[in-house]
1. Calculate how steeply helix 150-159 sits against the longest principal axis of the alpha-carbon atoms of the chain, using the helix alpha-carbon long axis, and give the answer as 0 to 90 degrees to the nearest 10.
2. Would you mind checking region 1-42 for residues with the amide N under 20 Å from a putative spin-label position 7 Å along Cα→C-beta of K56?
3. Suppose the chain between R17 and W108 were pulled fully straight at 0.36 nm per residue; how much longer would it get relative to their current alpha carbon spacing?
4. Of K150/K209; K91/K209; K13/K91; K13/K150; K13/K119, which sit over 22 Å apart, Cα to Cα?
5. Using just the helices of the chain, give the 222 nm mean residue ellipticity in deg cm²/dmol: DSSP H runs with n ≥ 4 each add -39,500 (n - 2.57), and the total is spread over all residues, rounded to 500.
6. Treating only the Cβ of Lys, Arg, Asp and Glu as charged (+1, +1, -1, -1), what charge dipole size does region 89-178 show about its Cα centre? Round to the nearest 20 debye.
7. Quick one: Karplus J couplings for region 73-78, per residue in order, coefficients 6.51, -1.76, 1.60, θ = phi - 60°, nearest Hz, x for Gly and Pro?
8. Residues in region 131-148 near a label at K155, defined as backbone nitrogen under 17 Å from the 7 Å Cα→Cβ point?
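Every number here is computed from the coordinates shown, using simple stated rules; none is lab data. It should be emphasised that the depicted structure is a prediction, and the values quoted were computed from it without experimental measurement. For neighbour counting, all protein chains shown are included, and Cβ atoms are generated from backbone atoms with ideal geometry for every residue, glycine included.
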Amino acid sequence: MSIAYKISGFNRKRKWRLFSEKVQWGPDSKILDLGFSEEEFSGTDNYLEKNYPFPKNITALGIDDAKEFRKRYPEVSVIQYDGNLFPFNNKSFDICWSNAVLEHVGEWPRQVSFLSEIKRVSRLAFITTPNRYFPIEVHTRTLLLHFLPKNIFDKYLSFFGKKWATGNYMNLLSYNDVRQLLKEAEINEYKIFRNKLLFFTMDFVVIFKNGGNGE
């Protein structure tokens, strides 16, 4: 197993511990999993489905076909949608889990809409997204160059055979970006946790619910 996958595994276990400590869930909790993976490249993919002990309570929502996902997790309800408004009524879920999806939903207005929809359909949310200023861009394993303006970084990725990661594949966020997105989505009561690797913040975990003031 590569070092990158080992670090990813370590980080996802750490996020799961935080989820277990900070989010009160039980056998009756209805959970929305936003952004399931049809293809699994490591044992850390679809982490919620692998670790949550009540799979019948999970609804997985995503834009991908779910043929293989359904085979792996037959007790989980799966819904495919167009990536816009969530096909659920207000407060349909006790908890929303969204691991490393926010950076993939599109540019800023789409990210605001994504958070607003999470707020609408769930009572509490656990959302993670990588830190734009972590020295290594975690999707492409690129060192430092993602600090450049996006159009320049996209040209670099295209030139070195990673065009799949350009355009709206990812729009990385800083700490201040996350706070501003939450503000624009009218999410007021939240906590942001920083997961660190050595001296650097690797990603952010946002836990929010309705009402109150931001921290």
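1. Taking the Cα atoms of the chain, the angle to 150-159 is about 70 degrees.
2. 25-33
3. Details: separation 91, 0.36 × 91 = 32.76 nm, distance 2.95 nm.
Computed gain between R17 and W108 is 29.8 nm.
4. Details: K150/K209 32 Å; K91/K209 11 Å; K13/K91 28 Å; K13/K150 30 Å; K13/K119 25 Å.
Flagged as over cut-off: K150/K209; K13/K91; K13/K150; K13/K119.
5. Working: 6 runs with 65 residues, N = 215.
Roughly -9000 deg cm²/dmol at 222 nm, from the helical runs in the chain.
6. Working: 11 positive and 7 negative charges, 18 e Å.
Charge dipole of region 89-178: 80 debye, to the nearest 20.
7. The phi angles translate into 10, x, 7, 7, 6, 10 Hz.
8. Under cut-off, by backbone N: 145-148.
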